[in-house]
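Okay, structure first, notes after.
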Amino acid sequence: MLDLRPVGYVIGLLVAALGLTMIPPLAVDLAEGRGQWPVFAQSAILTFLTGCLVALACSNGAREGLSLQQTFILTSGVWLVLPLFGALPFMLGATEARFVDAFFEAMSGMTTTGSTVFSGLDDLPKGLLLWRGTLQWLGGVGIIVVAMVFLPELRVGGMQVFKSEAFETLGKILPRASAIASQIPI
């Protein structure tokens with residue numbers, strides 16, 4: 001049977017870390033004076049405590065490393081759980097978004113698509129805008145981390161991928177560019 005405690009431990013730590021990343025938007029909202037800082041305080045406390053409790057509950061299974069199956073489950077779990085908690089400030093905050101809209105907004109940040117369901121972004125509190133940017137930054141870092149975890153497991157190094165994409169393409173484009181440029185009438 002597959003032991004999910006190491007997966008829960010890592011997800012718990014990441015959720016707790018997400019709770020800590022809500023502190024800078026809290027400070028920005030406090031400085032702006034629009035009264036939205038309690039939203040981040042509530043979201044940060046709930047997120048941090050939940051993450052700590054999950055990590056604590058699963059800590060006895062975190063002694064050995066992750067298997068490949070556990071790594072795939074961890075990746076899927078992280079992409080599901082982090083946007084759930086990242087959606088809290090959107091649901092409780094000035095946007096008062098429905099769960100679906102808040103989850104979409106958090107997921108678009110975590111996947112770095114940049115899509116939004118909110119109109120009038122310029123009128124939103126600065127803390128909420130910082131939270132959107134933080135989610136997108138965390139998503140970009142997350143994609144890099146996932147690539148660093150999975151590429152070695154699949155026996156594909158980062159430089160091999162870079163060379164195959166960059167240098168083969170460059171070798172294919174230059175001769176064709178020369179041929180096209182020679183046919184342009186002057």
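What follows is calculated from the coordinates using simple rules that are stated; it is not laboratory data. Worth saying up front: this structure is predicted, and the values here are computed from it rather than measured. So basically every Cβ, Gly included, is an ideal-geometry build from the backbone, and we count neighbours across all protein chains shown.
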Radius of gyration and Dmax over the Cα atoms of segment 5-155, both given in Å: 16.0, 52
Rounded to whole Å, give me the distance from the Cα center of segment 100-126 to that of segment 1-68. 20
Lys and Arg at +1, Asp and Glu at -1: neighbours of Pro6 with Cβ under 10 Å from its Cβ sum to 0
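Indicate the gyration tensor shape class of segment 85-142 (rounded, prolate or oblate), computed on the Cα atoms with a ≥ b ≥ c the square roots of the eigenvalues: a/c under 1.5 is rounded; otherwise a/b larger than b/c is prolate and the rest oblate. Before the final figure, lay out each step's value.
Working: a/c = 1.65, a/b = 1.35, b/c = 1.22.
Prolate, because a/c is 1.5 or more and a/b exceeds b/c.
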